[in-house]
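K.L.:
Once you've had a glance at the structure underneath, I'll fire off some questions.
The values are calculated or read from the model by the stated rules, or taken from the named source; none is laboratory data. From a predicted model like this one, the values you see are computed outputs, not experimental measurements. Virtual Cβ from ideal backbone geometry, glycine too; neighbours counted across all protein chains shown.
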Amino acid sequence: MAKRIAVVVSQGQSQNPAKRGLEEDIVAALIMEPGIDVTVIPNLYDLKPDGTGILALDGIKGNLIVMSWLYERGARWILDRNNIRGQVGQTLIKADDQDEEDDETDARDDDKERVIDQRQIPSRRIYCIDLRVHDTAQPYIDEIKRIAEENTQKLVQLGDWLQGTAKPEQLERFATPTNTTALGGNGNGKRRPVEETSEPIQPKDVIRIEETGGRRWYPVIDYSRCTNCMECIDFCLFGVYGVDRVETILVEQPDNCRKGCPACSRVCPENAIMFPQHKTPAIAGAPVGLVGLKIDLSKLFGAPDDGKTAEEIAALERDEQLVLAGRDAVGMAVGIRKRQEGKSDEPRDELDDLIDGLDELDL
Amino acid sequence: MKEPDILTFMMGEFAASFPTDRHYAKNHMWGMKRDDGVCRFGFTAYAVRLLQDVYFLEWAVEEGTLLKEKQELGAIESKKAESALYSPMAGRLVQLNEALLSDPSTINVDKYDGGWLFDIEGNGDNLLSPDEYIHHLEAVWDVTQRTIKGQLNE
């Protein structure tokens, strides 16, 4: 009994021949593999919410491998934003300098409640793989085969545990639950009907999705870090953020976001806000401790070099966008909360002292 | 029309050439001033050498925008590096080189002409003469090397 696994290749944004080459090498190799369905989509981040790309992803109900030129976290939470959810599949493809422990410890070694704790996640697994780690297709092919094998084995074991011999249809239904209660429950998810599918065993053609429309720019929230503190909604003056029916923060109007501006990401106390295409790895969703894969020449090409805090940089970036939009700059005066004690690792600065001084005045 | 004179700066073994018929900005762009007050900008040989093969260019501003000096304009990605791009002078952004969006490799093959980036209308008083730019390079070359090595060693 062969169980199929879907592989989605998200193309790079740029006209980089090396990237296109790697994508196509992987696709070509996977066509030969039984049990693997390949879909090629434009860059995941740029997909329109109602476009054919998201529709295709939404149609995949079983285990899913998503290969993209994005950090694992970035890809995962872009999918989440589009209601494509599942358990975290652990991939062995990691950047060399990425410590294995980063994934485990993360920012979650405290007892703070995270938004994800209140969510029900479907049982299927989603593996997000960063195409920037290796230059050649082979390591990716090997990993996809390993994951496919892993999922086949899991299935057999569970079948044994259930006792008796399950019919293929039952196994299929087990792997891809059709009960809609497995979805939703987070308050902002649209519930979609799930169709029973019986797929043929023979290899299928690669599905290629194309979408028109340019690059998008919007924040992506990592709900495994987000504590729903609302600092971002207070800070952003462009109406990007909103709350859902159960008062959970969400990116409500992504296209209100100002292209190139990552300011809200800098004020997020939990580093939960990503701009997956930002050149700074920490903002793009890199794991803690992972440096950029390319040299950043911005300082040499005229970026302001200064010792500003993240909040100060964020306020400047926001002011720049406000002025560009024909509005008045507000500096640090609006939407930046006083940092709470014990919350920040950074040494106190003059601003902290100033604000604390104000608090002590009994007015 | 006679060929302009060339100044060179040695980036290690690599001789970067700079035509003397134009101005230069500290962020490693050349600027060719026209009589109508518009200045055309492109990357210098120094910048292109650091970037190497350019794969992608993106603008975050639109034509007609009033730019401040050092305002962020967009981003560039090459084989080896990526960088935000900043305005070399204050003024009105007249035109972006649209051809580069589909084929940015012109930046590599024809940096001082067809690989131009954008036109800005303004006085450009802050721009450097070719000699001043060479002096600027002498001053920043060490920092440039440290920046690159520092990131590679991390």
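K.L.:
Starting from residues that are polar (S, T, N, Q) and out of contact with any Ser or Thr (no Cβ under 9 Å at 6 or more places or on another chain), keep the ones in region B:101-111 and report whichever is nearest to the other protein chains (Cβ to nearest Cβ).
P.N.:
Of everything passing the filter in region B:101-111, B:102 is nearest to the other protein chains (Cβ to nearest Cβ).
K.L.:
Within region A:123-142, count every residue that is closer than 16 Å to residue A:95 by Cα and among the basic types (Lys, Arg).
P.N.:
1
K.L.:
Does residue B:131 qualify as being within 14 Å of the chain's Cα centre (by Cα) and more than 12 Å from chain A (Cβ to nearest Cβ)?
P.N.:
Against the criterion (within 14 Å of the chain's Cα centre (by Cα) and more than 12 Å from chain A (Cβ to nearest Cβ)), residue B:131 does not qualify.
K.L.:
Within region A:1-27, can you find the residues that are away from every other protein chain (no Cβ under 13 Å) and without any contact (Cβ under 8 Å) to a residue 24 or more places away in the chain?
P.N.:
Passing the criteria: only A:24.
K.L.:
I'd like the residue in region A:101-136 that is of a type in the set (A, V, I, L, M) and at pLDDT 95 or above and, out of all such residues, is surrounded by the most Cβ atoms within 10 Å (Cβ to Cβ). Steps first, answer last, please.
P.N.:
The initial filter retains those residues of region A:101-136 that are of a type in the set (A, V, I, L, M), namely A:107, A:115-116, A:121, A:126, A:129, A:131, A:133.
Narrowing further to those that are at pLDDT 95 or above: A:126, A:129, A:131.
Values: A:126: 23, A:129: 27, A:131: 22.
The qualifying residue surrounded by the most Cβ atoms within 10 Å (Cβ to Cβ) is A:129.
K.L.:
Looking at residue B:47, is it outside any strand (DSSP E or B), under 25 Å from residue B:139 (Cα atoms) and either of a type in the set (Phe, Trp, Tyr) or within 8 Å of chain A (Cβ to nearest Cβ) (or both)?
P.N.:
Spelling it out, residue B:47 is indeed outside any strand (DSSP E or B), under 25 Å from residue B:139 (Cα atoms) and either of a type in the set (Phe, Trp, Tyr) or within 8 Å of chain A (Cβ to nearest Cβ) (or both).
K.L.:
Another question, then. Just checking, how many residues over region B:64-100 are more than 19 Å from residue A:321 (Cα to Cα), surrounded by fewer than 21 Cβ atoms within 10 Å (Cβ to Cβ) and more than 9 Å from every other protein chain (Cβ to nearest Cβ)?
P.N.:
Residues in region B:64-100 being more than 19 Å from residue A:321 (Cα to Cα), surrounded by fewer than 21 Cβ atoms within 10 Å (Cβ to Cβ) and more than 9 Å from every other protein chain (Cβ to nearest Cβ): 6 in total.
K.L.:
Tally time: how many residues in region A:41-64 are buried (at least 17 other Cβ atoms within 10 Å of the Cβ), within 18 Å of residue A:215 (Cβ to Cβ) and away from chain B (no Cβ under 14 Å)? So that I can check it myself, show each step before the final result.
P.N.:
Step one: of region A:41-64, the residues buried (at least 17 other Cβ atoms within 10 Å of the Cβ) are A:41-47, A:51, A:53-54, A:56-57, A:60-64.
Right, trim to within 18 Å of residue A:215 (Cβ to Cβ) and you get A:41-47, A:51, A:53-54.
Retained after the next criterion (residues that are away from chain B (no Cβ under 14 Å)): A:41-42, A:44, A:47, A:51, A:53-54.
Of the residues in region A:41-64, 7 are buried (at least 17 other Cβ atoms within 10 Å of the Cβ), within 18 Å of residue A:215 (Cβ to Cβ) and away from chain B (no Cβ under 14 Å).
K.L.:
Can you tell me which residue within region A:298-337, out of those that are more than 14 Å from every other protein chain (Cβ to nearest Cβ) and free of Cβ contacts under 8 Å to residues at least 40 places away in the same chain, is nearest to residue B:61 (Cα to Cα)?
P.N.:
The residue in question is A:328.
K.L.:
Scanning for something surrounded by 21 or more Cβ atoms within 10 Å (Cβ to Cβ), within 12 Å of chain A (Cβ to nearest Cβ) and within 14 Å of the chain's Cα centre (by Cα), does region B:54-63 turn up at least one residue?
P.N.:
Yes, region B:54-63 has at least one match.
K.L.:
Check region B:92-105 and report whether any residue there is assigned to a loop (DSSP other than H, G, I, E, B), under 12 Å from the mean Cα position of the chain (by Cα) and not β-branched (Val, Ile, Thr).
P.N.:
No, region B:92-105 has no match at all.
Rundown of residues vs (1) touching a residue at least 24 places away in the same chain (Cβ under 8 Å); (2) touching a Pro at 6+ places or on another chain (Cβ under 6 Å); (3) among the aliphatic types (A, V, I, L, M), yes/no style:
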residue	(1), (2), (3)
B:83	yes, no, no
B:89	yes, no, yes
B:97	no, no, no
B:105	yes, no, no
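K.L.:
Hey, residue A:284 hits all of (1) farther than 24 Å from residue A:44 by Cα; (2) at pLDDT 80 or above; (3) in contact with a helix residue (DSSP H, G or I) (Cβ under 8 Å, 6 or more places away or on another chain) but one; which does it fall short on?
P.N.:
Among (1) farther than 24 Å from residue A:44 by Cα; (2) at pLDDT 80 or above; (3) in contact with a helix residue (DSSP H, G or I) (Cβ under 8 Å, 6 or more places away or on another chain), the lone unmet condition for residue A:284 is (1).
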